[in-house]
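What follows is a single structure, written as structure tokens, with notes after it.
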Amino acid sequence: MVVPNQVETWKNKSLSDFWLTGRGLEQNKNGMGQPYALFSHKLLASEDTDAQAMAMTAILGAVSRVIDIVHGRNKFTVNFSSKEARTHFATKQIALSAEPLLEPPQGYLMPDIVDVLTGMALHEAAHAQFSKPEYYTEMPGNPFMAVIRNVVEDVYVEHLTSLYYPGYAGYFWKYRRYEFDLHPEKWAHKPKKDLMDNELNLRASDFLLVMRSTRDYVSNVARVNKVAELLKKTIYIDNPVRLEKLNTRNVSKKIYDELYGNMIQQDIAYSLPSSLLDYNNRGNHQAEPGSTNKDNKTNIPSDLQNLIQNMRQEQLQVANMGELMEAGLDPDYPPPPPPMVVFRRPLIDEGAAERYEQSRSVVKPFVIRLRNRLSWANTRQVINQYQLPSGELDEDSLYQASYSNKIFRRTEIINTRTRNLDIGLLVDTSASMVYPAGEGLSRIELARNLATLFVEALEPVDSVRTWVFGFNLKGAVNMTELYSPQLMNKARLGMTGAEGTTPEGTALKYAALRLLSEGRALVQKVLVVIADGNPNPGPETKLVKEQVRRLKSQGCKTINILVGDRPLEYGYQYTIPWTDYYTVTTEFGRLLKKLVEEE
Amino acid sequence: MTIEQNIQADRWGVNVESLPKFWVDAEKLSIIQDLMFSGINVMLTGDPGTGKTDLTKRLAQAHNLPFHRVNVGAIRTPRDWFGHWEFIGGQTVFIPSEFVEAIQRPGIVALDEFNRVTPDIHNSIYTILDHNREVYIEETKQHISVHPKCIFIATENRGRSHTGTFMEDTAVGDRFETIQLELPPVETMAHLLEAVYGATADQALLLSRITHKLNILYHEESLSRPSGFRPAISATALLKRGQSLHTALKYTFVNRFSPEGGVDSEQTTVLQVIQAYLK
Ligand SMILES: Nc1ncnc2c1ncn2[C@@H]1O[C@H](COP(=O)(O)OP(=O)(O)OP(=O)(O)O)[C@@H](O)[C@H]1O
Ligand SMILES: [Mg+2]
């Protein structure tokens, strides 16, 4: 049941910004909500379908996780529907209307929209979880009965979820406000000529509003209010276990009898207004996706739908949502918000494995060479400790015996690989990489060969872990995960196409963040950037310098392998210009050894 | 009653049905006691913070038995079990360890974090742990027999995030019966937080629910580390010191997880969980 002061909070505050910003627990908030602007409304309105899809994918991901928290991981998949229909329970698919995103109501900021979508998804999942099978299979006796059955069931599953997860109750409220209160004229009863017909419809419409509106709707028909009170008493109890046992079919029957007595004659075919028909259709969870509504008002274009599907398969993650939301605070004020940064795991296309094999055969002669160059990473270490109170007697220190008992020593031999390294490889995949690197080879092909060389050489070395990311800016800063300890299929290394521009500074920043958070604690980190020396001018170039400096102070080394013809100095600690495999392998090995031993 | 009297008074071997201020599944508790009183070594496993270490001590208290705990992770060489050399009065003498003393008398010897060391450290006490129950100590040229009423209970950390631990060793497995500990049920954990640590009823229930959900998410691999009892204990402590609920949650449950990944970060997930239970 809804506590009045909770409602006051929901009225004024978005719920999802609690986690969207990552700062929900910070103190000194004014409690009136954060005025985060609709950063991705620009994206959604933009012509760029890629960018639209990314924003929508990120939102879906966040909403799905709320569903996972309530119902268990991967029990349901959440998607946007390209048609109106909501949920297909047999396949555990929840399809959300994209309408709140594509046509946001006035005054709705991004977190408000996410609230509505979360409420919608929670509502659907709650049906799947708590509604009994007969709810889907039984045909109610007449259309009025159907309305009541749906109202009862909706109220029931929402309250049950709220009892188990009290903090999520507000999402249902947000969803109901969006659904039933933004266009009051849509749901209001429309008078009918036939007096009886009019009365029946009035009661149904009003009952729906009393139960579902968030605006304390009171009917002019006293009986409707009375029956609604009865339903509230039955459902809004505090004990979830008892509530789960409630037979909602019987409750509906009782409500129906109270509301209509015997006004309804079974042999008359009554018709419902479109609002109630629409409402009943939503309850029709059995429907095949797409089979119900004809006007398709929430239709999202199928190419967008496909893009979203792909991105979800690529496990696309937005790395800087919080930053974007803040930047959106004041949309009119320059500088423009930073680009979205996304990580994705590309699906392996057909030619990828073959391209990878080609690269491998080219670099084969140098694989062992590079690995040998790193052999120092595996040397055995002998550690002698002296002046211990216990251990083996150290004869050399017996002279101390009259004043100290610390005359023992201990030898520890560590045979295992001792020099651990976490290496991140960052490959420029911007459009300029299609230019030649000499020898009839494009820069991107060369970069692919080098990435292959590194992975082939390092993979068998236990002490080294390797990450490879491609990066470019097209719609967003795309960080494609091509290889990592969690993604060991090397065919992805053959995926490097070249498009977009070169957000080198941002890429450096986010690759380092990944390396630092996924790499091993206290293990030396090295970032190797294979690029053609053409970063986007302005902030991106400046950011390279800044990041290199910052990483250096954190003990992370950066090395640039320059595959372009313009050996520009733009901030790396060390640069190795491309000449040939032999020289680059040797130099890289030597440099790395030197850097690591400096530590 | 003194320890000796107690052990002689035939209370040795009588199971207790529960432990004060500590929850263990009743069946597991009785099995653990049956094993230990039958001279079978017990290995307690389970996520961090499920009370493995604490249980060893509480069993000793409940049965009024002497208790000796070995922090196995701190043992560096196979001989460290038995003692060390010291230079006293002009000569080196071997000082036997407390462990050697402890195994020669009745009581519980806890081998805490047994899998924190390489198997070669285990080797030198294998004969203590198997049916021989004896060992020859070179340094003192002594044969030591384990007291028949000396009980061994080891603890072990398992789990994805325990990188400091070593592969399971079958020789160890054979010498112990393994019992896996779990978090107490939500209500029980809440009750403990209230009764033992002084949380209010509302706080206790909230912390316990959050802990449980986070633990489920860990086992579903949505989070990279488990949440045992400890964050809830810490949060309770902060609350009792007058910190606000939000601050207490932030510094205990949330900050244990990484903020990397924006909306997809583990911290976001934890915040989503916290929100679910905040009223
Ligand atoms: N079942 C329980 N009942 C009461 N208190 C518990 C329980 N489980 C854990 N605790 C409390 O939680 C804290 C951590 O427990 P303990 O140190 O025994 O965990 P552990 O399993 O040994 O963890 P680790 O694997 O990290 O060593 C202690 O203060 C303990 O009292
Ligand atoms: Mg412990």
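Which one of these is among the polar types (S, T, N, Q), away from ligand 1 (no atom under 12 Å from the Cβ) and out of contact with any strand residue (DSSP E or B) (no Cβ under 6 Å at 6 or more places or on another chain): B:Ser222, B:Ser208? If you could, list the steps in order and put the result at the bottom.
Details: B:Ser208 fails: away from ligand 1 (no atom under 12 Å from the Cβ).
Selected residue: B:Ser222, the only one of B:Ser222, B:Ser208 that is among the polar types (S, T, N, Q), away from ligand 1 (no atom under 12 Å from the Cβ) and out of contact with any strand residue (DSSP E or B) (no Cβ under 6 Å at 6 or more places or on another chain).
Tell me, please, whether a residue that is within 16 Å of ligand 2 (Cβ to nearest atom), of a type in the set (Asp, Glu), modelled with pLDDT of 85 or more and within 22 Å of the chain's Cα centre (by Cα) can be found in the stretch B:126-141. Don't jump to the end; show me each part of the working.
Within the stretch B:126-141, the subset within 16 Å of ligand 2 (Cβ to nearest atom) is none.
Taking every residue of the stretch B:126-141 in turn, none turns out to be within 16 Å of ligand 2 (Cβ to nearest atom), of a type in the set (Asp, Glu), modelled with pLDDT of 85 or more and within 22 Å of the chain's Cα centre (by Cα).
B:Thr188 is checked against (1) in a helix (DSSP H, G or I); (2) open to solvent by less than 10 Å² (accessible area, probe 1.4 Å); (3) of a type in the set (Ser, Thr, Tyr) and fails just one. What number does that condition carry?
Of (1) in a helix (DSSP H, G or I); (2) open to solvent by less than 10 Å² (accessible area, probe 1.4 Å); (3) of a type in the set (Ser, Thr, Tyr), only one is false for B:Thr188: (2).
Can we say A:Leu441 is closer than 24 Å to A:Ser361 by Cβ and of a type in the set (A, V, I, L, M)?
On the way: closer than 24 Å to A:Ser361 by Cβ: yes; of a type in the set (A, V, I, L, M): yes.
Judged against the criteria, A:Leu441 is a match.
For the stretch B:107-118, check the following and say yes or no: at least one residue is among the aromatic types (Phe, Trp, Tyr) and in contact with a Lys or Arg (Cβ under 7 Å, 6 or more places away or on another chain). Steps first, please.
Narrowing the stretch B:107-118 to residues among the aromatic types (Phe, Trp, Tyr): B:114.
Next cut, in contact with a Lys or Arg (Cβ under 7 Å, 6 or more places away or on another chain) only: none.
No.
Test B:Arg133 against the criterion of being among the basic types (Lys, Arg), more than 14 Å from chain A (Cβ to nearest Cβ), in contact with a helix residue (DSSP H, G or I) (Cβ under 9 Å, 6 or more places away or on another chain) and surrounded by 14 or more Cβ atoms within 10 Å (Cβ to Cβ), and give yes or no.
Working: among the basic types (Lys, Arg): yes; more than 14 Å from chain A (Cβ to nearest Cβ): yes; in contact with a helix residue (DSSP H, G or I) (Cβ under 9 Å, 6 or more places away or on another chain): yes; surrounded by 14 or more Cβ atoms within 10 Å (Cβ to Cβ): yes.
So B:Arg133 fits the description; yes.
Of all residues in the stretch B:29-60, which are within 12 Å of the chain's Cα centre (by Cα) and part of a helix (DSSP H, G or I)?
Matches in the stretch B:29-60: B:Lys52, B:Thr53, B:Asp54, B:Leu55, B:Thr56, B:Lys57, B:Arg58, B:Leu59.
So the check is Cβ under 7 Å with 6+ separation or different chains; which pairs have a first residue in the stretch A:186-213 that's touching a residue at least 12 places away in the same chain (Cβ under 8 Å) and closer than 10 Å to A:Pro273 by Cβ and a second one that's in a loop (DSSP other than H, G, I, E, B) and of a type in the set (Lys, Arg)?
Between residues of the stretch A:186-213 that are touching a residue at least 12 places away in the same chain (Cβ under 8 Å) and closer than 10 Å to A:Pro273 by Cβ and residues that are in a loop (DSSP other than H, G, I, E, B) and of a type in the set (Lys, Arg), the close pairs are A:Asn201/A:Lys192.
Applying the selection to the stretch B:24-53, what residues are open to solvent by 20 Å² or more (accessible area, probe 1.4 Å) and away from ligand 2 (no atom under 16 Å from the Cβ)?
If the condition is that a residue be open to solvent by 20 Å² or more (accessible area, probe 1.4 Å) and away from ligand 2 (no atom under 16 Å from the Cβ), then B:Asp25, B:Ala26, B:Glu27, B:Lys28, B:Ser30, B:Ile31, B:Asp34, B:Leu35, B:Phe37, B:Ser38, B:Gly39, B:Ile40 are the ones that fit.
Which is under 16 Å from A:Leu25 (Cβ atoms) and open to solvent by 60 Å² or more (accessible area, probe 1.4 Å), of B:Gln203, B:Gln243, B:Gln272?
Working: B:Gln203 fails: open to solvent by 60 Å² or more (accessible area, probe 1.4 Å); B:Gln272 fails: open to solvent by 60 Å² or more (accessible area, probe 1.4 Å).
Result: B:Gln243 is the single residue among B:Gln203, B:Gln243, B:Gln272 that is under 16 Å from A:Leu25 (Cβ atoms) and open to solvent by 60 Å² or more (accessible area, probe 1.4 Å).
Here are the criteria: (1) within 12 Å of another protein chain (Cβ to nearest Cβ); (2) not in a helix (DSSP H, G or I). Tell me which single one B:Ile274 does not satisfy.
(2)
Take the residues in the stretch B:259-269 that are touching a residue at least 12 places away in the same chain (Cβ under 8 Å) and facing chain A (nearest Cβ under 7 Å), then tell me which one is least open to solvent (accessible area, probe 1.4 Å). Spell out the reasoning first.
To start, the set of residues in the stretch B:259-269 that are touching a residue at least 12 places away in the same chain (Cβ under 8 Å) comprises B:266-267, B:269.
From what's left, facing chain A (nearest Cβ under 7 Å): B:267, B:269.
On the way: B:Gln267: 31, B:Thr269: 5 Å².
Ranking the qualifying residues of the stretch B:259-269, first place goes to B:Thr269.
Test of understanding: among B:His219, B:His246, which residue is over 30 Å from A:Asn5 (Cβ atoms) and either over 26 Å from the mean Cα position of the chain (by Cα) or within 14 Å of chain A (Cβ to nearest Cβ) (or both)? Break it down into steps so the answer makes sense when it comes.
Values: B:His246 fails: over 30 Å from A:Asn5 (Cβ atoms).
Exactly one of B:His219, B:His246 is over 30 Å from A:Asn5 (Cβ atoms) and either over 26 Å from the mean Cα position of the chain (by Cα) or within 14 Å of chain A (Cβ to nearest Cβ) (or both), namely B:His219.
Do we find that B:Leu205 is of a type in the set (A, V, I, L, M) and touching a Phe, Trp or Tyr at 6+ places or on another chain (Cβ under 8 Å) in this structure? Before you say what the answer is, go through the steps one by one.
Numbers: of a type in the set (A, V, I, L, M): yes; touching a Phe, Trp or Tyr at 6+ places or on another chain (Cβ under 8 Å): no.
In short, no.
For residues in the stretch A:447-475 being in contact (Cβ under 8 Å) with a residue 40 or more places away in the chain and of a type in the set (Asp, Glu), which is most open to solvent (accessible area, probe 1.4 Å)?
Per the criteria, the residue is A:Asp462.
If you check B:Gly39, B:Gly46, which single one turns out to be within 16 Å of ligand 1 (Cβ to nearest atom), at pLDDT below 95 and of a type in the set (Gly, Ala, Ser)? Before the answer, list the steps.
Details: B:Gly39 fails: within 16 Å of ligand 1 (Cβ to nearest atom).
Going through B:Gly39, B:Gly46 in turn, the sole match is B:Gly46.
Yes or no: A:Asp216 open to solvent by 20 Å² or more (accessible area, probe 1.4 Å), part of a loop (DSSP other than H, G, I, E, B) and among the acidic types (Asp, Glu)? Even if it seems obvious, please write down each step before you answer.
Details: open to solvent by 20 Å² or more (accessible area, probe 1.4 Å): yes; part of a loop (DSSP other than H, G, I, E, B): yes; among the acidic types (Asp, Glu): yes.
Yes; evaluated as a whole, the condition is true for this residue.
Tell me the residue from B:Gly107, B:Gly89 that is in contact with a Leu (Cβ under 7 Å, 6 or more places away or on another chain) and away from ligand 1 (no atom under 14 Å from the Cβ), please. Reasoning before the result, please.
Details: B:Gly89 fails: in contact with a Leu (Cβ under 7 Å, 6 or more places away or on another chain).
Only one candidate qualifies: B:Gly107.
Kindly establish whether B:Glu194 is among the acidic types (Asp, Glu), more than 16 Å from ligand 2 (Cβ to nearest atom) and modelled with pLDDT under 95. Outline the logic, then answer.
Numbers: among the acidic types (Asp, Glu): yes; more than 16 Å from ligand 2 (Cβ to nearest atom): yes; modelled with pLDDT under 95: no.
No, not satisfied.
Return the only residue of A:Ile268, A:Ile255, A:Ile237, A:Ile264 being among the β-branched types (Val, Ile, Thr), in contact (Cβ under 8 Å) with a residue 12 or more places away in the chain and part of a loop (DSSP other than H, G, I, E, B). Reasoning before the result, please.
Values: A:Ile268 fails: in contact (Cβ under 8 Å) with a residue 12 or more places away in the chain; A:Ile255 fails: part of a loop (DSSP other than H, G, I, E, B); A:Ile237 fails: in contact (Cβ under 8 Å) with a residue 12 or more places away in the chain.
Sole residue among the options that is among the β-branched types (Val, Ile, Thr), in contact (Cβ under 8 Å) with a residue 12 or more places away in the chain and part of a loop (DSSP other than H, G, I, E, B): A:Ile264.
For the stretch B:61-84, which residues satisfy the criterion of being in a strand (DSSP E or B) and of a type in the set (S, T, N, Q)? Please lay out each step first, then the result.
Kept after step one, since they are in a strand (DSSP E or B), are these residues of the stretch B:61-84: B:67-71, B:83-84.
The one that is in a strand (DSSP E or B) and of a type in the set (S, T, N, Q): B:Asn71.
Would you mind telling me which numbered condition in (1) open to solvent by 10 Å² or more (accessible area, probe 1.4 Å); (2) among the acidic types (Asp, Glu); (3) modelled with pLDDT of 90 or more A:Glu518 fails?
It is condition (3) that A:Glu518 fails.
Look through the stretch B:206-240, keep the residues that are among the polar types (S, T, N, Q) and open to solvent by 40 Å² or more (accessible area, probe 1.4 Å), and return whichever of them is nearest to B:Leu271 (Cα to Cα). Steps first, answer last, please.
Taking the stretch B:206-240 as the starting set, the residues that turn out to be among the polar types (S, T, N, Q) are B:208, B:211, B:215, B:222, B:224, B:227, B:234, B:236.
Now narrow it down to the ones that are open to solvent by 40 Å² or more (accessible area, probe 1.4 Å): B:224, B:234.
Details: B:Ser224: 15, B:Ser234: 18 Å.
Looking at residues that are among the polar types (S, T, N, Q) and open to solvent by 40 Å² or more (accessible area, probe 1.4 Å), I get B:Ser224.
In the set B:Val93, B:Val109, B:Val117, which member is within 16 Å of ligand 2 (Cβ to nearest atom), open to solvent by less than 60 Å² (accessible area, probe 1.4 Å) and within 14 Å of another protein chain (Cβ to nearest Cβ)?
B:Val117
For the stretch A:22-41, give me each residue that is at pLDDT 55 or above and in contact with a Pro (Cβ under 8 Å, 6 or more places away or on another chain).
A:Gly22
A quick yes/no check of all residues on (1) assigned by TED's automatic domain parsing to the domain that holds A:Tyr582; (2) surrounded by fewer than 24 Cβ atoms within 10 Å (Cβ to Cβ); (3) out of contact with any helix residue (DSSP H, G or I) (no Cβ under 7 Å at 6 or more places or on another chain); (4) free of Cβ contacts under 8 Å to residues at least 12 places away in the same chain:
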| residue | (1), (2), (3), (4) |
| --- | --- |
| A:Val427 | yes, no, no, no |
| A:Met433 | yes, no, no, no |
| A:Glu439 | yes, yes, yes, yes |
| A:Ala491 | yes, yes, no, no |
| A:Pro503 | yes, no, no, no |
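Filter the stretch B:209-242 for residues that are away from ligand 2 (no atom under 16 Å from the Cβ) and in a loop (DSSP other than H, G, I, E, B) and give the result.
B:Glu220, B:Glu221, B:Ser222, B:Leu223, B:Ser224, B:Arg241, B:Gly242
The values are calculated or read from the model by the stated rules, or taken from the named source; none is laboratory data. Model, not experiment: these values are computed from the prediction. When we count neighbours, we look across all protein chains shown, and the Cβ atoms used for this are built from the backbone with ideal geometry, even at glycine. Ligands, DNA and RNA are stripped out before the accessible areas are found, and what is left, the full protein with its side chains, is counted by its heavy atoms. Shrake-Rupley method; radii C 1.70, N 1.55, O 1.52, S 1.80 Å.
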